[in-house]
Amino acid sequence: MENFQQWKRRFVEFYDKHVQKVRITLGVVWNLFLLFIVVCLIGISFAGGVGAGYFASLVKEEPIRSYEEMEKQIYDYSETTDVYFANNVYLGKLRSDIEREEVKLEDVSEHLIHAIIATEDEYFYEHNGIVPKAIMRALFQEFTNSSVRTGGSTLTQQLIKNQILTNEVSFDRKAKEILLAMRLEQFFTKDQILEAYLNVATFGRNSSGKNIAGVQAAAQGIFGVDAKDLTIPQAAFIAGLPQSPFGYTPFTNSGEVKENLEPGLNRMKTVLKRMLHAGFISKQQYEEALKFDLRANLTDKKPSIIEQYPYLIFEVEKRARDILMKQFAKKDGYNEKDLANNEKLYYQYYQKAEQSLRYDGYVIHTTIDKEIYDRMQQVAKEYQYYGNSKPQKKKDPDTGELITVQEPVEVGAVLIENKTGKIISFVGGRDHNREQVNHATSAPRPNGSTMKPLLVYAPAMELGIVQPGTVIADVPYSIGGYSPKNYGGGYHGLTSVRDALKYSYNIPAVKTYAKSISHNPISYLEKMGFSTIDKRDYGALSLALGGMTIGVTVEENVNAYATFANGGEFVDAYLIEKIETKDGQTIYKHQPVKQRVFSPQTAYLTIDMMRDVIRSGTAASLKSYLTFNSDWAGKTGTGQDYRDAWFVASNPNVSFGTWIGYDTPKRLETKYKGLTYSKRNILLWAKLMNAAYEVRPQLIDPNETFKSPGGIVTRSYCAISGHLPSDLCKKAGLVATDIFNAKYAPTKVDDNLTYGKFVYVKEEAYQVPDSAPSEFVQEGPILKEEALKKLGIPSISQLMKWLPKDSKLNHLVASSEKTIRDNGSAPSTVEGVKLSGNAITWKANADNDVIGYRIYRALNYSTNFQKVGSVPANQNLSFTVSPTASAYYVVAVDVAGKESNPSTILKVGEYEEKKLQEEKPTHDDNNDSGQNQNNEQTTIEPTTPNESKQNDRNDQESKQLSTN
């Protein structure tokens, strides 16, 4: 017990002694702890204040953005412009740095949404724009310079970075990003934010090697499916790309599949694992997705739309940019003249339109018929008759040195719908890679004789200067030092305007243009859309033949021809039907531009004359090339020195034109594979039209024909003047018929003819006196001398040289210049008389007044010679004889009727020897039997017994004279 008490006392003493110390220690520790807590709280408060102050300093210049402003910026992501053929047939996307296509959230696969959230922002539906823990972790990694970066940005922050801020790495930007992310979450729903992110994120390259953004472009460009149809592994692959778009993308910048796809596959597996952990997919789905064959599921390489349709895409870009540029300038108060006259202003709006076209995601609808366009490109590519390539020196783009290249014959063609002006199709060239020039729309060339209807004949008819039946002298012509020549160098005498156009005579065209030039016919070209007329072209008569300083594009030339098909109304051609935004708002719609240029009467007269070009003129070969019949009217054209070949034609529905030539102007081969340059171009025209007809027969070959308007009359006219035919003109067979504008139909009767006698000498007609021997003379209408001056003909002899041999004008002679007069003496003796077979021949008499020859015969070699035939001086100098024993001689006869001495006597046939009288033979000048005035040689033989007895008596008398 005592021991217990002692132990207890000692324990109390120990407790009292040490508990006090513990209490003291605990008190000290507690106080220190409280002090530490206070200090920490003070430090945290200080740090927080410093941090808050620092954060505030970082965002102090960031403006407070409104909902409208943030909405505009969030949804202001670039989209690629889509282009459509006519009839809403999709063509492709215009060029841009990045391809993107907007998609709604409901049109995105749920697998892709889950993959994106699991990978990029697992707390997306829980946070208010930021995740503090993630931010602290990112800050810690930043301050410790950790090699492992887990990232600290939510989808909201990434959207802010992409759409409002920049990719700059700085605390300043990060602070603004946090602030804006929290503000964005106040304005927009999670679905809105997610949808925006899915449309702006970048996803590497597509199978064409183009940069892509947005999940729809990624799904189509990588797997060839829409975003709503992505499978789990496809969605996982795409969701993993934003971390390193060009590291994980399966395609190179040329569109080839990379050899090593492991980086992208490993990233896909990481995404799948996160989807599994987040509960978005099951274990089984995860295992199946790991077996995904990426290489086998990649979409095939798609040729770039630029590669498929280079001429078309570049043309659409050019025209759409021009439309937008004018709209932007107009909105700011500027007009087209302002842009044309201010280079700086033009460039400003050019750049603005270019940027908008590339990134504002328009929808452009064109007028181009895809099927016709495709067929035409194929025909142009396969055509075998262009001609050979020719060497051309050019600068090497890399070295700048001159090198020799082979330059091929190029082609340009345009098909336009007349009434609307729609460009249905065109051919821009044979190879865009060789020369980036659209030969249909952007390569002006002199248009040769296709200019004649446009500038010469239609304006002259409109002004009342000529009509189709107007007669023009196609003879050597000079004016102001200019001397035009016809193709081939020949002349055609008096020709109508219709025939001059039909055969493309140059001189009548220049003469007509010279008469109308004071009325400024170029104004008609300007009304029809010619935009490349140089100031040097004004007043140049060579312009009538298409000799332009700069030239005209195929489009403008064809567009002008459509004016005739439209009854004289010009409808400006166009290629872009409308431009819309992606949400369907129309910002541009083509409005037809029409202008009255010619009266319906002038238009129809021109069409009707151009019909003849195809029926039997310079384009007559077309009929054998076409596989269908249509009411075509057109014109061929040749550039100077055969450097260009043109053909343009219209029917009631469409107008179509082709051009061939070298880019560096040089002479086309006159013939190639048996075809002239003109026929080669016409054949190409026909093949292109045949192809279009196979696709759209009703468009290319309408049922209707060109209809004559009111005010057109048919009139006969005299072919030597174009006036109403006189009785003499009718008797001469010189009456022609044509159609006229009733306002300008002929009213005056022709007075250029008179009536008289004439003979032919050396194939030329000469007037003779009334006393001239009738057997050599013809009677009929002859051309008055004064008519020559009115017709612009220097002399009748020259006119006769220029006329075709079958011309009805050959016997029309001038009354004074072409008159044969008696020289006062008898003709000299005919020489060279001989027997050739059964015909007597002789040499022409040299006397200038000889108009014919008479042939005399004496039967049985008697001296009783009688005239048996006459041969005009311009006929073959021969006379057919019979085998009956006879003697013949020939005499020359002059215009006064005087004969030459008899020629050498020729014996024909067999008879017993008789001695002919030595005295001069006698002959009967009054016997005109057997005269040959119709170029037929005849022999007159006795036909009655009395005549035979008389001949026998003559023979007896000859014998007696000989005996005596």
Exercise for review: Quick one: what are the phi-derived ³J(HN,Hα) couplings along the stretch 492-501, Karplus 6.51/-1.76/1.60 with θ = phi - 60°, whole Hz, x for glycine and proline?
Suggested key: 10, x, 7, 9, 7, 4, 4, 5, 4, 6
Review point. Hey, got a sec? Which trypsin sites (Lys or Arg not before Pro) in the stretch 191-267 land in a DSSP loop and have at most 10 other Cβ atoms within 10 Å?
Key: none
Review point. For the stretch 210-317, which GluC sites (Glu not before Pro) are both in a DSSP coil and crowded by at most 12 other Cβ atoms within 10 Å?
Key: 256, 259
Review point. For residue 287, what is the net charge nearby, where nearby means another residue's Cβ is under 13 Å from its Cβ and Lys, Arg count +1, Asp, Glu -1?
Key: +3
Review point. Counting only residues 5 or more places away or on other chains, whose amide H sits under 5 Å from the amide H of residue 722 once H atoms are built in the peptide plane?
Key: 471
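Calculated FRET efficiency, residue 531 and residue 808, Cβ-Cβ r, R0 35 Å, to nearest 0.05?
0.15
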Review point. Counting Lys and Arg as +1 and Asp and Glu as -1, what is the net charge of the other residues whose Cβ lies under 12 Å from the Cβ of residue 236?
Key: +3
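Between residue 670 and residue 340, how high is the FRET efficiency from 1/(1 + (r/R0)^6) when r is the Cβ-Cβ distance and R₀ = 60 Å? Nearest 0.05.
0.90
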**Study point:** Sequence ranges 543-549, 889-895, 460-466, ranked by mean other-Cβ count within 10 angstrom, highest first
**Key:** 889-895, 543-549, 460-466
Check your understanding: Could the peptides 74-80, 741-747 be put in order, highest first, of the mean number of other beta-carbon atoms found within 10 Å of their residues?
Key -> 74-80, 741-747
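Just add up the charged neighbours of residue 900: K/R +1, D/E -1, any other residue whose Cβ is under 9 Å from the Cβ of residue 900. It would help to have the intermediate numbers written out before the result.
On the way: positive: 898; negative: 847, 894, 899.
Once positives and negatives cancel, what remains is -2.
Within 10 Å of each candidate Cβ there may be at most 12 other Cβ atoms; applying that plus a DSSP loop requirement, which GluC sites (Glu not before Pro) in the stretch 548-633 survive?
Taking the stretch 548-633 and a limit of 12 other Cβ atoms within 10 Å, no loop GluC sites (Glu not before Pro) are found.
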Point to revise | Exposure proxy order (Cβ contacts within 10 Å, fewest to most) of 402, 91 | key: 402, 91
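No lab work stands behind these numbers, since they all come straight from the coordinates. These numbers were taken from a predicted model, which means no experiment stands behind them. A quick note on method: Cβ atoms are made from the backbone with ideal geometry, for glycine too, and the neighbour counts reach across all protein chains shown.
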